[in-house]
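I have placed the structure first, in the form of structure tokens, so that the comments after it can refer back to it.
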């Protein structure tokens, strides 16, 4: 009997106060493209021993944890904001007369390395409901989140997850969820919105850059399972956050040499050679849902916007190839904001009608 993945499900919930060992009070479920999460059990064989054969003499379990990747197309109606809180660490919400509310996800101003622990759970379909099985990962963190912006279509997000502990459940059909998985209506599309801009660089006049593909990556750079091994336990002890970085990769469709000059030597046409003092720029990427939130009532789309005030840019060598169109790849790394405030390093803005995203207690 062949079983397909279609009836599977993935969901998550932030643990109380975002702390290790905390309980989850509310679970949210998400439609996903790939659910690669699951328990990992590591087994080892001992080294060769004198006096034995030339075959392994035994094996042992060395440890276990919960890990993998979830890839999904986010809906901006409400539930995706909880994943953004888990990715960023802090959220400040404010009423917005146009859309309802704007939520600013960023690093915590008081504890910028803080990212909350959450739990994940996944249902694996069987031939019948009686053969379904679920796995639950506890004390999980989102190590990296990669936001993919193709030329055409919806935004997708790849999240690498690592967790300390797990358990199996034979009745995932009894799991309680906060709501149903949200509809496709609020999915942001790369064709809608103001795209990628460097608003404060006069060279480009605040206009969108002609970019064919882009990727925004937030790396929380946590300690690894191997580093967190402690004597007396099969489970990793903790996951701590080190330096956090935001990077942007994009493919620029050649319009003129302005961006090429800017990345190489600052953009001044009067400077023809090397200049070691190349300025940074700000960065903004905004995409929106095709439809308004509530036609006739809230005539504004759901929106997602990425911001970083101080980006350092590098470009790959420009290649001319046959009759291909002219493009070149540019990579940016966010550096500390001029204010020195951790919460200004990057921001992800979400516009919807949900009032707030408080840390669960």
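Throughout, read-outs are computed from the coordinates displayed, never taken from laboratory work. On a predicted model such as this, the values are computed, not experimentally measured, just so you know. Note that each Cβ is placed from the backbone with ideal geometry, even for glycine, and that neighbours are counted across all protein chains shown.
An oblate overall shape is assigned to region 222-316, the ratio a/c of its alpha-carbon gyration tensor axes (a ≥ b ≥ c) being 1.5 or greater and a/b not exceeding b/c. Based on alpha carbons, the Rg and Dmax found for region 287-326 are 19.3, 52 Å.
What does the C-alpha gyration tensor say about the overall shape of region 157-214? Classify as rounded when a/c is under 1.5, otherwise prolate if a/b is larger than b/c, or oblate. The shape class here is prolate.
Region 20-43 and region 195-212 have Cα centres spaced 38 Å apart. Working note: 222 nm ellipticity from helices only, DSSP H runs with n ≥ 4, each -39,500 (n - 2.57), summed and divided by the residues of the chain, gives -1500 deg cm²/dmol to the nearest 500. A straight chain from residue 151 to residue 355 at 0.36 nm per residue would run longer than the Cα-Cα distance by 70.2 nm. Subtracting the Cα-Cα distance of residue 4 and residue 127 from 0.36 nm times their residue separation leaves 43.4 nm of extension gain. The Cα-based radius of gyration and maximum Cα-Cα distance (Dmax) for the chain are 23.3, 83 Å.
With viscosity set to 1.306 mPa s and temperature to 10 °C, compute the Stokes-Einstein D of region 252-299, Rh being the Kirkwood radius across alpha carbon pairs; µm²/s, no decimals.
Numbers: Rh = 14.2 Å.
Diffusion coefficient, whole number: 112 µm²/s.
Peptides 244-251, 339-346, 123-130 ranked from most to least packed by the mean count of surrounding Cβ atoms within 10 Å: 244-251, 339-346, 123-130.
Note on residue 207 and residue 43: their simple-model spin labels are 6.3 nm apart, each label 7 Å out from Cα toward Cβ. Tell me whether region 127-241 comes out rounded, prolate or oblate; compute the Cα gyration tensor, take square roots of the eigenvalues as a ≥ b ≥ c, and use a/c under 1.5 as the rounded threshold. Since a/c reaches 1.5 but b/c is at least a/b, the shape of region 127-241 is classed as oblate. Based on C-alpha pairs under 8 angstrom that are at least 6 apart in sequence, region 51-188 has a relative contact order of 30 percent. Each principal axis of the Cα cloud of region 67-113 was evaluated for its coordinate range; sorted largest first, these ranges are 41, 30, 9 Å. Relative contact order of the chain, taken over Cα pairs closer than 8 Å and 6 or more residues apart, is 20 percent. Just report the Cα centroid separation between region 49-85 and region 328-356, whole Å. With region 49-85 and region 328-356 each reduced to a Cα centre, they are spaced 30 Å.
Compactness ratio for region 1-49: Cα radius of gyration over 2.2 N^0.38 Å (N = residue count) comes to 1.82. Taking 0.36 nm per residue of separation and subtracting the Cα-Cα distance, full extension of the segment from residue 69 to residue 55 would add 1.5 nm.
Expressed in nm², what is the orientationally averaged projection area of the convex hull enclosing the Cα positions of region 279-361?
Working: hull surface 39.7 nm².
If you wrap the Cα atoms of region 279-361 in a convex hull and average its projections, you get 9.9 nm².
The spacing between region 108-124 and region 283-308, judged by their C-alpha centroids, is 25 Å.
Say R0 is 25 Å: what FRET efficiency, to the nearest 0.05, do residue 96 and residue 26 get from their beta-carbon distance? It would help to have the intermediate numbers written out before the result.
Numbers: r = 24 Å, r/R0 = 0.96.
Between residue 96 and residue 26 the formula returns 0.55.
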